[in-house]
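Written out below as structure tokens is the structure these notes cover.
Read-outs: derived from the displayed coordinates by stated rules, not from any lab. Since we're looking at a predicted model, the values are computed, not measured. Ideal geometry is used to build each Cβ from the backbone, glycine not excepted, and the neighbour counts take in all protein chains shown.
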Amino acid sequence: MPLPLIQPPSRSEVSIIGEVIIHEGAVVAPGTILQAAPDCRIVIHQGACIGMGTLINAYQGDIEIKSGAMLGAGVLIVGQGTIGQNVCLGSCTTVINTSIKSGTTIEAGSLVGDTSRQFPEKESASS
Amino acid sequence: MPLPLIQPPSRSEVSIIGEVIIHEGAVVAPGTILQAAPDCRIVIHQGACIGMGTLINAYQGDIEIKSGAMLGAGVLIVGQGTIGQNVCLGSCTTVINTSIKSGTTIEAGSLVGDTSRQFPEKESASS
Amino acid sequence: MVVRKRAAPPTPWSQTLAEPKIDDSAFVHSFSNLIGDVQVEANVLIAPGTSIRADEGTPFYIGEGTNIQDGVVIHGLEKGRVVGDDGQEYSVWIGKEACITHMALIHGPAYIGDDCFIGFRSTIFNARVGEGCIVMMHALIQDVEVPPGKYVPSGAVITNQQQADRLPEVTESDRHFAHHVVEVNEALRVGYQCAENQACITPIRQQLGKSIKDINQSDYRNSVTSMSLSSNIVAQVRSLLSQGYSIGAEYANKRRFKTKSWLTGGTFEGRADQ
């Protein structure tokens, strides 16, 4: 059944793997990878804004990006958790297994929720 | 130290030069450059996640990205080494001739494995 | 060897369509982006993933034997020029035998002298870096003039002239280190030329197909394999969606596969951008 196609202008450079729900009003920039492990989900609500090169990896739970949340470029979110309404995550922030309360602002380059072994000689900017 | 900027990739393709093995379940974002010098290899295992604009350059040995490892946007890996299982490398991290143990988290913008001469008056970003 | 060069797009500030002037002996990888008034001298190496765009500030000059490694970005502001060694004005001047390493950002107005080394991910903006300087990794040099032969350690932020004047001199070991990084690139250069030669790449590709099957390691975290469909199916689904149909999905959980294990995935609405 070959039919004339509408070429997809966006989303072509976004990799989506597993159960990922992106609401209509959300914006996802190119170069993003959204990856949910089996039985895990990623939900991006209306009005959320996901910056370029962001990487979201849900495992052992769901990751929810609430409405109005803004993720800068190169943000990494791993594990499970909720990014609350109107949260502003600065570029290059890493969030591990943590929920961020609504309205919070996180400085660029922060590392939030890291309880793992540290690389010996690193200075931690914030938590 | 100011955070290095994330550059949007100039090309959306993935460039592969030399002997590069990408396991089927791995995700590689656009603008990534993977190049292995002669007699060197890059191996990206299943479930590894390579962020946008990442550059991996194997020289005098192999670079292995183990399963579940997550590399943020704009990561640079040069030389030889292994990025262990479930390692989380923050965006804009540079890794030179170093292996990272499984489960480690590296803050965004870190410089790992730099053996060049340090200058007394500066704060060292890492070594 | 494919040399890809393009005229700068007409912009409000530059209506001229200047083309790069590239010496025949220079190697410009096809996976790089080289546009506008850029002069590339003999034996220059421009690696994949570089973006050299003289579409705002122009012109750029890249001197003989200079190495531009992967992921480097060279760009310039519309205003502001530096005086090159030939007495002319440039937005970006890079001298002879310089090495601009991975992911460095050279943003004009900028002058980089002969034999300079700019380390991984370092930024040079609105600055002059004198001959023979070594700038290590993750450094920022802005609004200063670095005298010749200075050493800038990793992570340094040099944004005022007093800091620049206090920098230590380059030592022999620093030069040795820098030289090693250049050698790495020379080895890779063989690789580039190999990759552009089909006869050279075929055996590698065959090997690659074999070795993928050898890896059986699995991980609890991401055992979902990418759910790629054949392009035919994708095209059909897209065309159905574009006609306003909804699509429903039912699937069985592999691990709990028994009667009544089918789950309903809900319906998808058609959207123009999917």
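Copy-to-copy label distances for A:LYS101, where each label lies 7 Å from Cα along Cα-to-Cβ, are 3.5 nm in order of increasing length.
In sequence order, region A:40-52 has phi-based couplings of 10, 9, 10, 10, 10, 7, 4, x, 6, 9, 10, x, 4 Hz under the Karplus curve 6.51 cos²θ - 1.76 cosθ + 1.60, θ = phi - 60°, and Gly or Pro positions carry x. Of the residues C:ARG121, C:ARG166, the one with the fewest other Cβ atoms within 10 Å heads the list, and the complete ranking is C:ARG166, C:ARG121.
Can you bin region C:123-162 into rounded, prolate or oblate? Criterion: square roots of the alpha carbon gyration tensor eigenvalues sorted a ≥ b ≥ c, rounded for a/c under 1.5, prolate for a/b above b/c, oblate for the rest. It comes out oblate by the Cα gyration axes. Across region B:58-74, coupling constants 3J(HN,Hα) worked out from phi with the 6.51/-1.76/1.60 Karplus curve, θ = phi - 60°, read 8, 8, 6, x, 9, 10, 10, 10, 6, 5, x, 6, 10, 10, x, 5, x Hz, and Gly and Pro carry x. Loop-located GluC sites (Glu not before Pro) in region B:19-127 (DSSP state other than H, G, I, E, B) with a sparse environment of at most 12 neighbouring Cβ atoms within 10 Å: B:GLU24, B:GLU121, B:GLU123.
Taking all Cα pairs closer than 8 Å and separated by 6 or more residues, the relative contact order of region C:21-177 comes to 13 percent.
The mean sequence separation of alpha-carbon pairs under 8 Å and at least six residues apart, normalised by the residue count of region A:15-109, gives a relative contact order of 20 percent. Phi angles across region C:71-88 convert, under the Karplus curve 6.51 cos²θ - 1.76 cosθ + 1.60 with θ = phi - 60°, into 3J(HN,Hα) values of x, 6, 10, 10, 8, x, 6, 4, 9, x, 9, 10, 8, x, 5, 8, x, 8 Hz, Gly and Pro given as x. Annotation: amide H-H contacts under 5 Å for B:ILE77 (H modelled 1.01 Å from N, sequence separation of 5 or more, or interchain): B:LEU55, B:ILE56, B:ASN57, B:VAL95.
Shape of region C:21-177 from its Cα gyration tensor (a ≥ b ≥ c, root eigenvalues): rounded if a/c is under 1.5, otherwise prolate when a/b > b/c, or oblate? Verdict is prolate for region C:21-177.
Backbone amide hydrogens, once placed in the peptide plane, bring C:VAL38 within less than 5 Å of C:LYS21, C:PHE60, excluding anything fewer than 5 places away on its chain. Amide H contacts of B:THR82: B:GLU64, B:SER99, B:ILE100, each under 5 Å away and 5 or more positions distant or on a separate chain (H built 1.01 Å from N in the peptide plane; Pro and chain starts excluded).
For A:GLY61, the point set 7 Å out from Cα toward Cβ sits 3.7 nm from its twins in the other copies, listed from shortest up. With the label put 7 angstrom out from Cα along the Cα-to-Cβ vector, A:VAL27 ends up 2.2 nm from the copy partners, going from closest to farthest. Listed from fewest to most Cβ neighbours within 10 Å, the set B:CYS88, A:CYS92, C:CYS99 follows the order C:CYS99, B:CYS88, A:CYS92. Would you mind telling me the antiparallel percentage of the DSSP bridges in region C:60-150, rounded to 5? If we restrict to bridges inside region C:60-150, about 5 percent are antiparallel.
Based on the alpha-carbon gyration tensor of region B:15-106 and its eigenvalue square roots a ≥ b ≥ c, which shape applies: rounded if a/c is under 1.5, prolate if not and a/b is larger than b/c, or oblate? Here region B:15-106 falls in the rounded category.
Fewest to most neighbouring Cβ within 10 Å: what's the order for A:SER99, C:SER173?
Ascending Cβ contact count within 10 Å gives the list C:SER173, A:SER99.
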